[in-house]
1. Return the residue satisfying two criteria in turn: it lies in the stretch 130-153 and is within 19 Å of VAL55 (Cα to Cα) and among the charged types (D, E, K, R), and of such residues it is surrounded by the most Cβ atoms within 10 Å (Cβ to Cβ).
2. Somewhere in the stretch 68-76, is a residue under 27 Å from ALA166 (Cβ atoms) and either among the β-branched types (Val, Ile, Thr) or modelled with pLDDT of 85 or more (or both)?
3. So which residues in the stretch 90-146 are aromatic (Phe, Trp, Tyr) and closer than 28 Å to ALA15 by Cβ, if there are any at all?
4. Among the residues of the stretch 131-168 satisfying the criterion of being in contact with a His (Cβ under 9 Å, 6 or more places away or on another chain) and not in a helix (DSSP H, G or I), which is nearest to ASN112 (Cα to Cα)?
5. Among the listed residues ARG110, ARG125, ARG76, ARG134, which satisfies the condition of being basic (Lys, Arg) and over 16 Å from the mean Cα position of the chain (by Cα)?
Amino acid sequence: MRRFVMVCLIGLAIAYAVGIPLFVLRDDAPLPEGADAVVVLAGPVELLRAGQTLVGGGIAPTLVVSTSRGGRGDRRVRYCRSEPENVVCLYPGPFSIPGEAQAVTELADRENWDTLVLVTSRHERLLAERVFRRCGNYRVAGHGVDESWWREAIGIPLEWVKLGIAEAFRRGC
């Protein structure tokens, strides 16, 4: 049992040693001027606020919000129910980055969009950019939002798992 615990601790230490620079400490690329839409992926309310700020700052005319239908009391659901102008709310089937990418790609194809800004948690930005680039014929720029330390501490090992699955088994959109 002791050996198993040591192997797990060493594995976690390596995941964090490589994952923090890879997932968290990467700088955002400059956001493109004249993007077609800012896409807020699933996550905490800070992502919605960041997306609203980007659209309000003129990065893009349209805000796309990924949300679930059943989240009573959830700020995203209340926001979408208020039917704000220049906001498109998506309810992706599989509520995951690949599911969101499929839903956004269908919307981007209908609207003839060629540039999207993705708003997601800083530690999820790498995976989101990779999946969205595989799915659509549009340029993607990521905007990572900082989260509380404990969310990132949990998120980094999970990102390794999700990235491994996306690269090994879910190569398509």
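The values are calculated or read from the model by the stated rules, or taken from the named source; none is laboratory data. Every value quoted in this text rests on a predicted model; they were computed, and no experiment measured them. All Cβ positions, even for glycine, are placed from backbone atoms using ideal geometry, and neighbour counts span all protein chains on display.
1. Of the stretch 130-153, the ones within 19 Å of VAL55 (Cα to Cα) are 138-146.
Then drop every residue that is not among the charged types (D, E, K, R), which leaves 139, 146.
Numbers: ARG139: 15, ASP146: 13.
Residue satisfying both the conditions and the ranking: ARG139.
2. Initial filter on the stretch 68-76 (under 27 Å from ALA166 (Cβ atoms)): 68-71, 74, 76.
So of that shortlist, the ones also either among the β-branched types (Val, Ile, Thr) or modelled with pLDDT of 85 or more (or both) come out as none.
There is no residue in the stretch 68-76 that is under 27 Å from ALA166 (Cβ atoms) and either among the β-branched types (Val, Ile, Thr) or modelled with pLDDT of 85 or more (or both).
3. Of everything in the stretch 90-146, those that are aromatic (Phe, Trp, Tyr) and closer than 28 Å to ALA15 by Cβ turn out to be PHE95, PHE132.
4. Filtering the stretch 131-168 down to residues in contact with a His (Cβ under 9 Å, 6 or more places away or on another chain) leaves 144, 147, 151-152, 155-156, 158-159.
Now drop any that are not not in a helix (DSSP H, G or I), which leaves 144, 147.
Numbers: GLY144: 25, GLU147: 32 Å.
Within the stretch 131-168, the match that is nearest to ASN112 (Cα to Cα) is GLY144.
5. Numbers: ARG125 fails: over 16 Å from the mean Cα position of the chain (by Cα); ARG76 fails: over 16 Å from the mean Cα position of the chain (by Cα); ARG134 fails: over 16 Å from the mean Cα position of the chain (by Cα).
Only one candidate qualifies: ARG110.
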